[in-house]
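Report on one structure; see the data block that follows.
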Amino acid sequence: MINIAFEFPFLMQAVLALAALHLSRLDQSLKEDYVRQVEFHHNAALSQFRNEIHNVEEFNFQAVLFFTFVMFPLSWAFRIHPQGDPEYMLDSIIQNINLTRSTRPLVIKFYQPMLHSEIGRLVPRETREIDWEHEPRPAETELIQLRIFSEATQHVYPPDINEAYTKAIQLLEKIFAASSRVGTAHSDSLLKIWAHFITPRFLELLTDRQPGALIIFAHYGVLFCRTRNYWFFEGVAQQILHITDVLVPSESKSWLVWPREQIEAASSPVSV
């Protein structure tokens, strides 16, 4: 990746941003200095990527793929403020999701060549071997409350919203099932899958702070607290819980009980 980054400055900027962010965690005495470097390199990476990449071709597809691998954790970790303004934080998260989604159409035609190249090792088995769009819905799921929510709201929302919620929930069920097969050692690729495959309509509903979308989003947050082998996701689940707890109306908060229990249990010293 570093060799390729010397030829593609946007990738080098992303690598430097992630390195600075890691150093900000390791050396608290210089944290503010490192955070300023993170912001500088992060903004430069995004700006250069948007200015330089209009099409993905044979000569640059590896750089673009590496960029997506680096920017996904960087964008989440850089914006973690568990007690920050929920409106602002949700907007930041939606920007992260949109960035993740935007790269998939660019590199889809190079996915198979990538799997057979050296960087194919970055794609874990639990995501490589699943056709997410055609994977059958698991018969049993721990997301029981989400299934009940889907059934209970079928006559409340119009068809387009029901369809967006149903697809987002069924995708989460598949991801949770895949996660349970590999335990807490699962990769961050499972987190990306949901961002890639939720519908544009669902993302609109989340942007509009619709209670149903926020409730589903809170359940997605549980996946972050179960990804304990990644330092850059520390605090993300708690942030999502804070956002949804503030923005979901009081009459709908009962649907947040399960994700709250899961995230708070994972945050307690006893569970570590």
Taking the solvent-accessible surface of protein heavy atoms with a 1.4 Å probe, what is the per residue accessible area of segment 144-267 in Å²? 39
Charge-dipole axis of the chain as Lys and Arg at +1 and Asp and Glu at -1 on Cβ define it, positive-most pick from Leu74, His242, Ala164: Leu74
The size of the Cβ-based charge dipole (Lys, Arg +1; Asp, Glu -1) of the chain about the Cα centre, to the nearest 20 debye, is 320
Have a look at Ala177, Ala139, Ala152 and tell me which one the Gaussian network model of the chain (Cα, springs below 10 Å) gives the largest fluctuation. Ala139
Sites matching GluC sites (Glu not before Pro) across segment 91-165 that sit in DSSP coil, with at most 13 neighbouring C-beta atoms within 10 Å: Glu129, Glu133, Glu140
Cα-based Rg and Dmax for segment 1-87, where Dmax is the largest Cα-Cα distance (Å): 13.9, 44
What is the Cα radius of gyration of segment 144-267 over 2.2 N^0.38 Å, N being its residue count? 1.01
Using just the C-alpha positions of the chain as equal point scatterers, what log10 of I(q)/I(0) does the Debye formula give at each q in 0.11, 0.15 1/Å? -0.65, -1.21
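Please return the longest stretch of the chain lacking exposed loop sites, where chymotrypsin sites (Phe, Trp or Tyr not before Pro) count only if DSSP places them in a loop and at most 14 other Cβ atoms lie within 10 Å.
In short, 133-272.
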So which GluC sites (Glu not before Pro) in segment 1-76 end up in coil per DSSP with only 12 or fewer other C-beta atoms within 10 Å? Glu7, Glu57, Glu58
Backbone N under 20 Å from the Lys253 label point (7 Å along Cα→Cβ), restricted to segment 147-182: 149
From the protein chains alone at 1.4 Å, what is the descending order of accessible area for Met71, Met12, Met1, largest first? Met1, Met12, Met71
With +1 assigned to the C-beta of every Lys and Arg and -1 to the C-beta of every Asp and Glu, and no other charges, what is the dipole magnitude of segment 144-267 about the Cα centre in debye, to the nearest 20? 340
Sorted by accessible area with a 1.4 angstrom probe, largest first, how do His22, His155, His41, His219 fall? His155, His22, His41, His219
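The values are calculated or read from the model by the stated rules, or taken from the named source; none is laboratory data. Since the structure is predicted, the reported quantities are computational estimates derived from the model, not experimental observations. Cβ: placed from backbone, ideal geometry, glycine included. Neighbour counts: every protein chain shown. To get the accessible areas, we keep the full protein, side chains included, count just its heavy atoms, and leave off ligands, DNA and RNA. Shrake-Rupley method; radii C 1.70, N 1.55, O 1.52, S 1.80 Å.
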